[in-house]
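First the structure, in the form of structure tokens, and then the observations on it.
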Amino acid sequence: MTIDQQWGDMMDETEFGYPAPKETVEGDIKKIISYEERDEKYVKVTRFYKLTKLKVPKQISDRKKWKKFGQCATDPPGINPANCMVGDGVFLTLATKKDQEEKKEDGLAEKMTKLKSSGQGMVVCRICKGPHWTKQCPYKDTLGVALDVQQDEASTGKPPTRAPGAYVPPSIRKGEVANDTTRQRDENPTIRVSNLAEETSEKDLQDLFKPFGPVSRIYLAKDKNTGISKGFAYITYNRRESAESALQTLHRYRYGHLILQVEWAKPSGS
């Protein structure tokens with residue numbers, strides 16, 4: 001659009017008003033010359049439009065053929081720039097249910113992050129009591145062998161045969177079988193989580209249950225041949241309050257595309 005405000009184009013207002021707009025078409029370019037009042041001056045305005053062909057619904061095509069009325073009764077078909085203005089198209093994008101659910105999951109993830117405590121020792125080795133997994137213990141070839149022997153002796157139900165002068169643990173010095181390890185494992189607050197996805201890993205469980213308190217042990221049941229999760233795991237906490245908080249918060253909690261089922265683990269042998 002070009003606006004020419006030279007003095008030769010200025011016009012004095014008369015009782016006949018402004019001259020009628022002139023419209024010419026050259027190829028796909030439409031040229032419209034009109035006269036307007038701007039800043040208390042009469043100016044000549046030349047507008048150029050590029051003509052394009054679009055397919056529109058029949059209702060819109062019929063509406064363009066309606067007869068104009070009132071002061072626009074003498075206007076030609078289409079838009080008259082003297083009394084009409086075409087704005088930019090407005091496109092409305094509606095939020096889907098999936099987008100709303102993703103935003104809700106992001107909000108839950110932020111809340112879970114705030115719940116994480118700054119305590120250490122979330123994972124405790126059964127051999128050296130260090131902050132790492134038992135299978136990653138650097139002393140599993142030395143202390144681990146002794147621990148396995150002690151557990152095997154406790155499971156036989158008979159006092160072990162030892163050489164004279166050998167060290168005897170205090171728990172079996174009077175011929176009693178050492179079952180403190182099993183008893184302590186049963187007394188520790190352990191919860192069972194089921195309905196896990198096959199791609200769930202121990203690290204995922206640690207990130208999920210760690211915010212509620214120190215975790216002493218995580219056992220994820222896996223298939224021996226494929227290594228894929230069987231869908232359930234056991235989480236052992238150092239304190240019962242932490243286990244109760246995790247059970248109340250994560251029971252029926254949506255994790256991925258599944259709903260978790262969290263309950264107290266049954267004692268071994270029951």
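The values are calculated or read from the model by the stated rules, or taken from the named source; none is laboratory data. Worth saying up front: this structure is predicted, and the values here are computed from it rather than measured. FYI the Cβ positions are ideal-geometry reconstructions off the backbone, even for glycines, and counts take in every protein chain you see. With ligands, DNA and RNA removed, areas are computed over all heavy atoms of the protein, side chains included. Shrake-Rupley method; radii C 1.70, N 1.55, O 1.52, S 1.80 Å.
One table, with the values for the structure above:
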| quantity | calculated |
| --- | --- |
| Matching entry among 214, 267 (being exposed (fewer than 14 other Cβ atoms within 10 Å of the Cβ), touching a helix residue (DSSP H, G or I) at 6+ places or on another chain (Cβ under 9 Å) and within 24 Å of residue 127 (Cα to Cα)) | 267 |
| Segment 181-199 - residue that is modelled with pLDDT of 90 or more and β-branched (Val, Ile, Thr) and, of those, most open to solvent (accessible area, probe 1.4 Å) | 190 |
| Failed criterion for residue 37 (all others in (1) over 56 Å from the mean Cα position of the chain (by Cα); (2) at pLDDT below 50; (3) under 19 Å from residue 80 (Cα atoms) hold) | (2) |
| Unmet requirement for residue 227, which otherwise passes all of (1) touching an Asp or Glu at 6+ places or on another chain (Cβ under 9 Å); (2) under 23 Å from residue 126 (Cα atoms) | (1) |
| Qualifying positions in segment 72-99 - acidic (Asp, Glu) and either on the phi > 0 side of the Ramachandran plot or part of a loop (DSSP other than H, G, I, E, B) (or both) | 75, 88 |
| 1 or more residues within 30 Å of residue 101 (Cα to Cα) and polar (S, T, N, Q): qualifying strands (runs of 3 or more DSSP E) within segment 185-270 | 190-194, 229-237, 261-264 |
| Scan of segment 200-211 for residues that are open to solvent by 30 Å² or more (accessible area, probe 1.4 Å) and of a type in the set (Ser, Thr, Tyr), ordered by number | 201 |
| Given (1) in contact with a Pro (Cβ under 7 Å, 6 or more places away or on another chain); (2) at pLDDT 90 or above; (3) over 26 Å from residue 129 (Cα atoms), index of the condition residue 175 fails | (2) |
| Residue selected from segment 1-27 under the condition acidic (Asp, Glu) and open to solvent by less than 70 Å² (accessible area, probe 1.4 Å), by the criterion modelled with the highest pLDDT | 4 |
| One residue from 221, 197 being without any contact (Cβ under 8 Å) to a residue 60 or more places away in the chain and within 21 Å of residue 254 (Cα to Cα) | 221 |
